[in-house]
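This report refers to the structure that appears directly beneath it.
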Amino acid sequence: MTLENLLIRKYYYSTFLEDNEQHHPIKVLSEKYMDEQQNEMSDFSNIRFAQGEVYYLNNDFEAAIFKWENVSNELKPWAQKNIADAHYKLNLLAIAEEYYKAVETDSSVLKTEVLLQLFTLYIQRSNLELAAESIKNAVKLNPGYPDVTDMARSFFEERGNWDDAVELAINESIRTESLYWFETLESYVAKGHAADREPDFFKEVLIAVYHVEQDYFEKLVESLWNSYSQTNKFFLWLREINHFFLQLKPENDRIWRKLPALYEETYFDLIDGKYLIRDLFPLMPSHLINWVKLSASGESLAASSALLAWSGIFPSNIDSSITEEAESLVLKSSPYQEGMEDALRLFESIKKWAQEQGSLLDERYRWMVQELVDSDRFHLMLIGENANENLTVVRELAEKDVREITSALLIKDGEETEIHAVSDRDVKTFSTIDDTEMEELDEEVFFHWNKPAPFLRDNNLSVLTAPEKELSSYLSMADGLLFSFNADQPLSEEVLAKTAKIREQEPDLPICFALVNGYSNLQDEEHMESVSGRIHTYFPDSLVINFQKNEGGVGLYNGLSKFIHSARYNRNIEKKRTKSILDYVKKSINQLRAQRLELEKNLIVNVKDNKEMVTKLEGAQRQLGDMEDKKIQDIKNSYQSIREKLRARMERNIPEILRNCAQYIKEDSNFETVQEELNIEMNKQITNYFEETALRDFRSSIEQWLEESEEQLVESQSYLDEMKESFNQLFGEERLKLHCDMQVLDDWRRDIDRMTSGSIKLENNDLISQPGSSQFLLKGAGRLFDSLPQYKGVLYNRYKQYIETRDYSQAAESVTEMFIQQLELFGKSLDRDIHLFFAGPSKELQNALKETHNKIEDGETALNNMRKNPENYQDPLTLFELKLRQFGWMNMVEKPVHEYP
């Protein structure tokens, strides 16, 4: 046992026992002490140190402290540490702490012991921060010291101090290269305790584990990968691990069990549309290169095809030598068995994404893909030299009731007749199709026709036909091609050229020729052999069928059954269908891209058109306003003219009527009451005038005014009707009505009828009385001379003269005003009424203008968003294309490399 171990265990005193182990240490040490006193240069420090240990071990801590306080040689640091231990035993923790801190030594062992004691002391005092600092200092000072790292690990774990626990595990993994610490670190990572660390923190430990044990290395990488995948540091981790592998250059013969799957899962997650290409661009090349390198040569198809797909879209991003190696690996790979499932998932993800974006995926593609999924059903494309030959074969295979259809058509056997007309935007279903319905359908509609057809059912067959201009869109659905032509005519160059063009587009497509002949027996066998020979010259593998129209289709059925059987079993239909689905995926991506461009173009056009519409609507508003102002002015002026003319006539006629009332004064009149009687008569005459003359004249004028006003308002409505038609043509819908409120005219008629009907009730106005002496004198004279008959003649003449010569203008104005007042109320309401007449169109134009402004604003906002962040739409499509290219490479094993895309 070394001296330091004796000091640690407080067993230093045993060095004094030697052969005296049978005696008690106290007795032996006392004797040694006595012997030392005999020396001239006595040094009792070692003996006192040993005595202190014995007292300590026998729990006499005060005696031990006394002995250790008198140690002055090289053992003094240990004595100070022991004094602290004694105080700790006495539970004098504060004093113990001071003694521990006072120890000064160069011994790493003693320093470690002091730190461990302080660690324990601080735990007891519940000062966990100082405890953690002490144990970390101990580990840093002397990590190989017995139990120090285990103590630290337990302490960190118990208190959930995972940062320190992870750092401890990393340091110990690097220092010891121990599987124990590798496992410890991996367990921390797997539980998520390291996710807040920067990924480069693990670089050294990864190198250490890699060189010691690669299985543990892979396990640790997997745990780190999964941990970081749940955080925002995932891209940093991917950069770090990819840089790690690029520099490390792992051996090619190493078979990694978990890393390829991690790379594959992450790759598909990265290109799933959550990230923009600018974020992926710096990361993806190294990711793909490492994925290929880490994949076993026989299992590298997914990795190699992904690398080739990325390089195909971003050719300058990956070195050509690496892509050549990837091509070689693809060609050496085994055929991929899940191509159709991948293609379908990709198509469905595009469809879902399009729906989320508010874009429309062509419905025809969806129906075609659905048909391609059923790999048990054989799709036979029918093409004819002309429409008649083709229709003849279609009717023979799918029963006689098939009418000529100029659109693409797929016929399948079904219990019930059901016809689906599939356009790019929707699907319409019919039980039959008549000429009227056909005219309403889009030219490029695709008919999916289920009908009872025994031959189709028995052979699990669908027949497909399409107009020549759409043939390329539907040809990829075909599993075989039947080309029909008139066998009675020479085989034309046009037929051969058309077939060669199809073969160029679909080089693996089996082709069968049907020689359609109208005779029961072939008259010229040599001719038939010549035609067949010429066909085989150009298409040596094709089958030639002799179809006679009047033989009941036997030759056609037999020949086709043979052809279908050969096509089914001599080629991989599922693989061909997978390629076809990928073709429709590509068309869908292109369609969505074009749709986006068309949308932007339409937005630009719509904004421009709406701005022009705003100009037109504002012009219409001004025209309507001017029209309303003019109608108000004209109608009011006309009405005012009638009213003023009436006023003028009344003010001219009323004084005359009043003067004529002089005839009612007689020589024998009672001049004392004549004034009152005359005033009553005057009011009566004016009332008669109102009712018999003024109202009649007014009614005649106002009815003419009403007729003219109606003409003006109807003319305005006609003008607005023309305006409405013009705007609705521009809108492309019946948006504006611009109906004026004709009720206004009815209201006017009612008001006029009320004003001109019935009798006029005038108050008993004093039409004679007026300031002045003449009137006063006459009235007084009437009372005076009424009793003197000889003077009544004079009074009569004077009264009559007075009535005939009096100025009645003031009275006429007063009476006229009473009559005109109700007319003025009507005139004042004309502004409001005419405004109400035009209120509906005005409001409609205002609403249309507001809607158009909103459309401009919405359109410009949409355009700005499209132009501001075009990558939000384009990047997902590019990533879909990336998957498409990858699946294309995976599906083309054993085929020419550059066939796809």
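Name the residue that is surrounded by the fewest Cβ atoms within 10 Å (Cβ to Cβ), counting only residues in region 192-239 that are of a type in the set (Lys, Arg) and assigned to a helix (DSSP H, G or I).
LYS203
Looking at the structure I just gave you, is VAL189 touching a Leu at 6+ places or on another chain (Cβ under 6 Å), assigned to a helix (DSSP H, G or I) and not aromatic (Phe, Trp, Tyr)? Step through it out loud before you land on a result.
Values: touching a Leu at 6+ places or on another chain (Cβ under 6 Å): yes; assigned to a helix (DSSP H, G or I): yes; not aromatic (Phe, Trp, Tyr): yes.
It is true that VAL189 is touching a Leu at 6+ places or on another chain (Cβ under 6 Å), assigned to a helix (DSSP H, G or I) and not aromatic (Phe, Trp, Tyr).
Being among the hydrophobic types (A, V, I, L, M, F, W, C) and surrounded by fewer than 23 Cβ atoms within 10 Å (Cβ to Cβ) is the filter here; which residues of region 307-316 pass it?
Correct list: ILE313, PHE314.
Just the residues that are assigned to a loop (DSSP other than H, G, I, E, B) and without any contact (Cβ under 8 Å) to a residue 40 or more places away in the chain, please, taken from region 301-333. Steps first, please.
Of the residues in region 301-333, the ones assigned to a loop (DSSP other than H, G, I, E, B) are 314, 318-319, 333.
Within region 301-333, PHE314, ILE318, ASP319 qualify.
Which ones in region 801-829 are part of a helix (DSSP H, G or I) and in contact with a Ser or Thr (Cβ under 9 Å, 6 or more places away or on another chain)?
Residue satisfying the conditions is TYR802 alone.
Restricting to region 580-593, name every residue that is within 23 Å of the chain's Cα centre (by Cα) and either surrounded by 17 or more Cβ atoms within 10 Å (Cβ to Cβ) or in contact (Cβ under 8 Å) with a residue 12 or more places away in the chain (or both).
VAL585, LYS586, LYS587, SER588, ILE589, GLN591, LEU592, ARG593 - these are the residues of region 580-593 that are within 23 Å of the chain's Cα centre (by Cα) and either surrounded by 17 or more Cβ atoms within 10 Å (Cβ to Cβ) or in contact (Cβ under 8 Å) with a residue 12 or more places away in the chain (or both).
Within region 706-726, track down each residue that is buried (at least 19 other Cβ atoms within 10 Å of the Cβ) and farther than 14 Å from LEU624 by Cα.
Once the filter is applied, which keeps residues that are buried (at least 19 other Cβ atoms within 10 Å of the Cβ) and farther than 14 Å from LEU624 by Cα, region 706-726 yields only SER709.
Given the options PHE690, PHE698, name the one that is assigned to a helix (DSSP H, G or I), buried (at least 19 other Cβ atoms within 10 Å of the Cβ), touching a Ser or Thr at 6+ places or on another chain (Cβ under 7 Å) and aromatic (Phe, Trp, Tyr). Reasoning before the result, please.
Numbers: PHE690 fails: touching a Ser or Thr at 6+ places or on another chain (Cβ under 7 Å).
Of the residues listed, the single one that is assigned to a helix (DSSP H, G or I), buried (at least 19 other Cβ atoms within 10 Å of the Cβ), touching a Ser or Thr at 6+ places or on another chain (Cβ under 7 Å) and aromatic (Phe, Trp, Tyr) is PHE698.
Identify, please: which residue in region 866-888 is within 14 Å of SER588 (Cβ to Cβ) and of a type in the set (D, E, K, R) and is, among those, nearest to the chain's Cα centre (by Cα)?
GLU881
Can you name every residue in region 814-847 that is surrounded by fewer than 16 Cβ atoms within 10 Å (Cβ to Cβ), more than 21 Å from ASN637 (Cα to Cα) and of a type in the set (D, E, K, R)?
Selection gives LYS843 alone.
If you take the residues in region 637-662 that are among the small types (Gly, Ala, Ser) and surrounded by 14 or more Cβ atoms within 10 Å (Cβ to Cβ), which one is farthest from ASN679 (Cα to Cα)?
SER638
Among the residues of region 64-85, is any surrounded by 14 or more Cβ atoms within 10 Å (Cβ to Cβ), aliphatic (A, V, I, L, M) and over 21 Å from VAL109 (Cα atoms)?
yes
Name the residue that is nearest to MET818 (Cα to Cα), counting only residues in region 625-673 that are touching a residue at least 40 places away in the same chain (Cβ under 8 Å) and outside any helix (DSSP H, G or I).
The selected residue is ILE665.
What is the number of the single condition among (1) in a helix (DSSP H, G or I); (2) closer than 30 Å to ASN765 by Cβ that LYS724 does not meet?
So LYS724 meets the others, but not (2).
What's the total number of residues in region 442-484 that are part of a strand (DSSP E or B) and β-branched (Val, Ile, Thr)? Spell out how you get there, then give the answer.
Within region 442-484, the subset part of a strand (DSSP E or B) is 446-451, 461-465, 480-484.
If we keep only those that are β-branched (Val, Ile, Thr) as well, we get 463, 465.
Number satisfying all stated conditions: 2.
Yes/no matrix, rows are residues, columns are (1) assigned to a helix (DSSP H, G or I); (2) surrounded by 19 or more Cβ atoms within 10 Å (Cβ to Cβ):
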| site | (1), (2) |
| --- | --- |
| PHE119 | yes, yes |
| ILE123 | yes, no |
| LEU130 | yes, no |
| GLY144 | no, no |
| ASP150 | yes, no |
| GLU157 | yes, no |
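Considering each residue of region 328-355, count those that are among the small types (Gly, Ala, Ser), modelled with pLDDT under 90 and crowded, with 18+ Cβ neighbours inside 10 Å, and give that number.
Selection size over region 328-355: 2.
Report every pair of residues separated by at least 6 positions or lying on different chains whose Cβ atoms are under 6 Å apart, first residue within region 458-470 and closer than 15 Å to GLU444 by Cβ, second at pLDDT 85 or above.
THR465/LEU382; THR465/LEU409; ALA466/ALA408; ALA466/TYR474; GLU470/ALA408
Hey, any hits in region 860-876 for a residue that's out of contact with any Lys or Arg (no Cβ under 8 Å at 6 or more places or on another chain), touching a residue at least 24 places away in the same chain (Cβ under 8 Å) and crowded, with 21+ Cβ neighbours inside 10 Å?
yes
Pick from region 356-379 the residues that are among the charged types (D, E, K, R) and in a helix (DSSP H, G or I): which of them is surrounded by the most Cβ atoms within 10 Å (Cβ to Cβ)?
Quick first cut of region 356-379, residues among the charged types (D, E, K, R) only: 356, 362-364, 366, 371, 374, 376-377.
After this cut, where a residue has to be in a helix (DSSP H, G or I) as well, the list is 356, 363-364, 366, 371.
Values: GLU356: 10, GLU363: 17, ARG364: 23, ARG366: 16, GLU371: 17.
By that ranking, first place goes to ARG364.
Please determine whether any residue of region 334-346 is without any contact (Cβ under 8 Å) to a residue 24 or more places away in the chain and in a helix (DSSP H, G or I).
The answer is yes; a qualifying residue exists.
Yes/no per residue for (1) crowded, with 20+ Cβ neighbours inside 10 Å; (2) closer than 19 Å to ASP875 by Cα; (3) out of contact with any helix residue (DSSP H, G or I) (no Cβ under 6 Å at 6 or more places or on another chain):
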| residue | (1), (2), (3) |
| --- | --- |
| LYS249 | no, no, yes |
| ARG254 | no, no, yes |
| TYR263 | yes, no, no |
| ASP272 | no, yes, yes |
| PRO282 | no, yes, yes |
| ALA296 | no, no, yes |
| ALA302 | yes, no, no |
| SER305 | yes, no, no |
| ALA326 | yes, no, no |
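Would you call ILE433 of a type in the set (A, V, I, L, M), over 33 Å from the mean Cα position of the chain (by Cα) and modelled with pLDDT of 80 or more? First the steps, then the outcome.
Numbers: of a type in the set (A, V, I, L, M): yes; over 33 Å from the mean Cα position of the chain (by Cα): yes; modelled with pLDDT of 80 or more: no.
Answer is no for this residue.
Scan ARG622, ARG577, ARG596, ARG568 and give me the residue that is part of a helix (DSSP H, G or I), without any contact (Cβ under 8 Å) to a residue 60 or more places away in the chain and under 53 Å from the mean Cα position of the chain (by Cα).
Criteria check complete, one pass: ARG622.
The values are calculated or read from the model by the stated rules, or taken from the named source; none is laboratory data. Please read all numbers here as calculations on a predicted model, not as lab measurements. With ideal geometry, Cβ positions are generated from the backbone for all residues, glycine too; neighbour counts draw on all protein chains shown.
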